[in-house]
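The values are calculated or read from the model by the stated rules, or taken from the named source; none is laboratory data. All values reported here derive from a predicted model rather than from experimental measurement. Glycine gets a Cβ as well: all are built from the backbone with ideal geometry, and neighbour counts include every protein chain shown.
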Amino acid sequence: MAIPYEFHYEKPLTLQAALELLDKHGENSRLLAGGTDVANEIRMGFRVPGLLIDIKGLEELKAIRVTDGALHIGALVGFDTIRASKPIRDHCHILYEAAGLVASPGVRNRATMVGNICSAVACMDSAAPLLVHDALVHCRSLGGERVVPVAKWFVDNRKTCIGGRELVTHVSIPLQEVKCAGAYQKMMRYTGEDLAAANVGVLRFADGRCHVAFGSVGPIPKRSPRLEKHFLEHGVNPESIVRAREMLEKLIKPISDVRASKEYRMHMAGVMLERALIAAGERLKMPRVIAGKE
Amino acid sequence: MEKLHAVGQSAVRVDGKEKVSGAALFTDDLEFGPDLLYAEIVEGPHAHAMITKIDTSEAEKVPGVLCVVTGRDFPYNFGLYMKDRFIFAQDRVRFFGEQIAAVVARSPAAAKKAARLVRVSYKPLPKILNPLDAIEGDASLIHPGLKSYEHVPWFFPQPDTNIAHHRKIRKGDVEKGFAEADHVLDDTYEVPRYAHCAIEYHAAVAKYDHSGRLTVWASSQSPHTQRNLFANALAPMGIRHNDVRVIAPHVGGGFGSKAGVTMEILAAAIATRVKGHPVKVMWNREREFYNTYQRLGVVARLRLGVKKDGRITALHHELYWDAGAYVEYGANVVNAVGLSAIGPYRVENASIDSYCIYTNLPPGGPYRGFGYSEFLFGLESHMERIARHLGIDPVEIRRRNAIKAGDLTAYGAKMNPSGLMQAIDAVAKEIRWDEPVLPGNDEEAVGKGFSLFWKAPAMPPNTSSSCFLKFNEDASINILVSGMDIGQGFLTVMAQIASEVLTVPLSKIRTENPDTDRNPYEWQTVASHVTWGCGNAVKLAAQDARNQVLDLVSRTQNLPKDTLYLAEGSVRCVTKPSFRMALEDFVIHGIQMPDGTFRGGPIMGRGVFMPEYATTKADPETSQGGHPNVHYTVGAAAAIVAVDKKTGKVKVRKIVEAVDCGKAINPDLVRGQITGGILQGISTVLYEEMKFDHRGKMLNPNFTDYKIPTSLDLPDEVVPIIIEVAEPDGPYGARGMGEHTMIPVAPMIANAIDDALGLRIKTMPITAEKICLALLKKNEVR
């Protein structure tokens, strides 16, 4: 694959060295983790950096840990690692579920979850699971650490609130006090790998709360406070689901593009919401806790 | 019936070990040393425009660039059946992405960088993106020079229109036939364009050396036809056929896209400007979609009259083909369908109008099925609808109308022997047609669909195949042929045929990819004809070698030739059971006589096959009188589908397909073709969808948004069934079957969806979205 664009390349071996490079080159640099987005964007000439900083050598960004009441997922953790991680299956099953639907096995072998939320393409699979779990994004620069709730992370399609001299070290997912269970639904043109034409994440709690997030039906993935309030007030039942699907018409703004028409996206968002709510409800009834603490 | 030892066996592929071990080399794997140059193509960003200026000065300044070539360097046209195509665009571009110029450089990066600096000015012209617009009276002409293009005698271009060819059938009395009908169904079906999606990209490397020899290495289905077209196109430069040599390495999938000549001619032409250097032109996935061939789109108006009992009384089929910017190959798709759009039915009164229409979309060309998938989508949907309307079982209506040996085809020649009825029965039994299917849950609807299919090879009447067969000292054999193994198992089947005749085991037979300097002529590996055509040539070559062997033994051993035969690699004699001469004892060095002298020498067989009964000579107004198609291969198929009523998503539970291949020379390979064809068919009906914007630019030239199935999208069960009713002039009775296997899939899935949901969809593809939105419109889903 010939890339007709020229750029410099550095591979720092410590986080400090990476942050120094970032500090020096700022917006003129880009970070390379899995590279499944970056390599394409450079090949096509969309976003060619002056300096490509390869962070794959930073061992401290590869960990998945459960400490201090949270699940921590390092910036270099790939989707296949997520699929193989027992702590993630136990504490954030919806992320495990979504990770299995990202692209194809080859891409999952390289692509990272943090890369996914940094590329911030509206159809990403990671956002809805992280949103319903109130995850936090941990950014570092030479100036120190900054923690951003994932609900405030996305600014626009392909745009986050990350600073030009920052890198994301990890994402943390608070462990839930109340028993809960999630479900992820992805609208795909077929069963094989696809980008989500729309997606829905639901996290239902034993105390009746319900978190709902949508992706690919607007410029950024979002929680839906209106629906969450609706389900808190009316519970999750066939009638409240019918009402919720009616409310959806005003809550999301899907577009028509090569992947689907807005009519089909709107319809599918409703079907997926219903199916995710039912699936999460079934999981909540299972004796083993799928996410959160007993 | 003769007892066969090699033919009819599911032999392991002769190229299997090479491919599995990684020893197999493809064009892009070949090494050409430090002199290798790379060409990058400059594309036009208009679907239809005049080129007013090309400025290459900035591109030429890029370090590493040797030269920039444009249409002015090669003012030549070429084409397989009609010379309407150009090496580079001349004064105008006719589709979005057409090649305008090429930059030749020492590295791909330098070539790409410079290509972006070639400045081209255009004057846009009105563009036509739909075949029905192109035949409006005021439509602008895409090829004002149409009337001057050379073409084969069986094409009928309409000068000063956008109609490059019109194939007409007039058979019987159609008016009377419709008058006699109890029921007439009239409707329009649309099948859009499709892409082949071979995994290996097109690739070509060409070298024009200082002696004037042009060698081209290309991923190709057609090495000899490429040599012919290169030599013809470049003849003004003094290049002759014996100056051109095409070497064809392994091919990673073709499906028609690597037949004829497309991008390969760029390498051949560019090489003449950089003598002594090999030049590589490598396509990428995007160009695979928009600048090779695409399957033609079609709008088909179909009117079918039947009696109450379902018997067909008349058929009128009008097909408006979106053939694209250049139709040098695609016009023959239009022709083939024009001859065959009655389907595998006995139709006494038929009229067919098949129009080849220029549009400003990428060139249409050969694609597995060669137009038959497209017209049978409508015809087989129609048959099912008529059966349901009349209350006749859909399988029964097909039995009542199925064409039989001796019935007249649309052009008046007799139908060849076929096992169509056996195929129908075998499929109906295996799919349990008479038993109901049950949904798996409340949100699912299930249904069954049926379809017949047929197809003939579409070839010039003088299409030929040939073979050299050489013995080696140990009585191992090299078979030299020029067909291509594009995954179907061609090389294995040729070896099996030679093994059958010469009783030499397959392990001692080598058949490899061709080099046009060394291997004898083959037209192309297309039309599902090589097992039949080249198989005949190999059989004749093997028989020629056997004849030489028996002659030699007869005259040296004083045994009557008609008492001699081959068995297990030795010559035996019916009257002298103890007589045995092993082939390895004499096939190169001959047989020594009592006086010490030798007789014989290397045994080399030669075989040539041409169907000497074929002719395209017929009345152009009716197409009656000729024998353009050598034979039809027929079959039947059925599917069970389950549809998610809330999302429209279709799951194929089971597909059964029976094909009458005459004789399965290698049954496993036949079953592989059936399974592969079914999957390709499923892909076209359920997933693949080309999208173009208002400028004629393809919006999804990639696998992100042009979907072909993964292993997760396969049917739960596929049952291939082999029917064998021998073809009289086929090797061991074999006839072609490779393309045919995908043809029934689209209509039978459409029929099954209709059965499940009561929803008739008349435009392909039948995506989940299309089904779901149609159900929403009917208020049958929430």
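Scanning segment A:190-215 for residues that are crowded, with 24+ Cβ neighbours inside 10 Å, within 16 Å of A:ASN116 (Cβ to Cβ) and within 14 Å of another protein chain (Cβ to nearest Cβ) yields a total of 2. Looking only at residues of segment A:257-267 that are over 14 Å from B:ALA774 (Cα atoms) and at the interface with chain B (Cβ under 7 Å from one of its Cβ atoms), we find that the one that is surrounded by the most Cβ atoms within 10 Å (Cβ to Cβ) is A:ARG259. Take B:GLY378 and decide whether it is surrounded by 24 or more Cβ atoms within 10 Å (Cβ to Cβ), within 20 Å of B:GLY736 (Cβ to Cβ) and among the small types (Gly, Ala, Ser). Taking the combined requirement at face value, the residue does not satisfy it.
Candidates B:VAL93, B:VAL103, B:VAL118: the one that is in contact (Cβ under 8 Å) with a residue 12 or more places away in the chain, within 14 Å of chain A (Cβ to nearest Cβ) and surrounded by 24 or more Cβ atoms within 10 Å (Cβ to Cβ) is B:VAL103.
A:VAL258 falls short on exactly one of the conditions (1) of a type in the set (Val, Ile, Thr); (2) in a loop (DSSP other than H, G, I, E, B); (3) in contact (Cβ under 8 Å) with a residue 40 or more places away in the chain, and that condition is (3).
Here is a yes/no grid of residues against (1) under 28 Å from B:TYR613 (Cβ atoms); (2) crowded, with 24+ Cβ neighbours inside 10 Å:
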site: B:THR463; (1), (2): yes, no
site: B:ALA475; (1), (2): no, no
site: B:SER482; (1), (2): yes, yes
site: B:MET494; (1), (2): yes, yes
site: B:ILE497; (1), (2): yes, yes
site: B:THR503; (1), (2): no, no
site: B:LEU506; (1), (2): no, no
site: B:ASN513; (1), (2): no, no
site: B:ASP517; (1), (2): no, no
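Scanning segment B:94-126 for residues that are assigned to a loop (DSSP other than H, G, I, E, B) and within 29 Å of the chain's Cα centre (by Cα) gives B:ARG94, B:PHE95, B:PHE96, B:GLY97, B:GLU98. Residues B:LYS455, B:LYS470: which one is of a type in the set (Lys, Arg) and crowded, with 23+ Cβ neighbours inside 10 Å? Answer to the selection: B:LYS455. The conditions of being among the acidic types (Asp, Glu), within 12 Å of chain B (Cβ to nearest Cβ), out of contact with any Ser or Thr (no Cβ under 7 Å at 6 or more places or on another chain) and assigned to a helix (DSSP H, G or I) are not met by A:GLU282.
Screening B:ILE169 with (1) buried (at least 20 other Cβ atoms within 10 Å of the Cβ); (2) hydrophobic (A, V, I, L, M, F, W, C); (3) within 14 Å of chain A (Cβ to nearest Cβ) gives one miss only, at (3). Inclusion of B:ILE721 among residues that are β-branched (Val, Ile, Thr), part of a strand (DSSP E or B) and surrounded by 19 or more Cβ atoms within 10 Å (Cβ to Cβ) is warranted. A single entry from B:TYR372, B:TYR326 fulfils the requirement of being within 18 Å of B:PRO157 (Cβ to Cβ) and surrounded by 24 or more Cβ atoms within 10 Å (Cβ to Cβ): B:TYR326. Only residues that are more than 21 Å from the chain's Cα centre (by Cα) and either modelled with pLDDT under 95 or in a loop (DSSP other than H, G, I, E, B) (or both): list them for segment B:281-314, please. The answer is B:ASN284, B:LYS307, B:LYS308, B:ASP309, B:GLY310, B:ARG311.
Beta carbons closer than 6 Å, at least 6 apart along the sequence or on distinct chains, pair a first residue in segment B:437-465 that is over 20 Å from B:LEU379 (Cβ atoms) with a second that is among the hydrophobic types (A, V, I, L, M, F, W, C) and in a strand (DSSP E or B) for B:VAL437/B:VAL446; B:VAL437/B:ILE640; B:PRO439/B:VAL446; B:GLU444/B:ALA642; B:ALA445/B:VAL643; B:VAL446/B:ALA642; B:SER465/B:PHE609. A count restricted to segment B:678-695 and to residues that are facing another protein chain (nearest Cβ under 10 Å) and of a type in the set (Ser, Thr, Tyr) stands at 2. On inspection, A:VAL212 passes the criterion of being touching an Asp or Glu at 6+ places or on another chain (Cβ under 7 Å) and modelled with pLDDT of 95 or more. Within segment A:59-88, the set of residues being without any contact (Cβ under 8 Å) to a residue 60 or more places away in the chain and assigned to a helix (DSSP H, G or I) comprises A:GLU59, A:PHE79, A:ASP80, A:THR81, A:ILE82, A:ARG83, A:LYS86, A:PRO87, A:ILE88. Condition check: buried (at least 24 other Cβ atoms within 10 Å of the Cβ) and either assigned by TED's automatic domain parsing to the domain that holds B:TYR565 or charged (D, E, K, R) (or both). Does B:VAL549 satisfy that? No: the conditions fail for B:VAL549.
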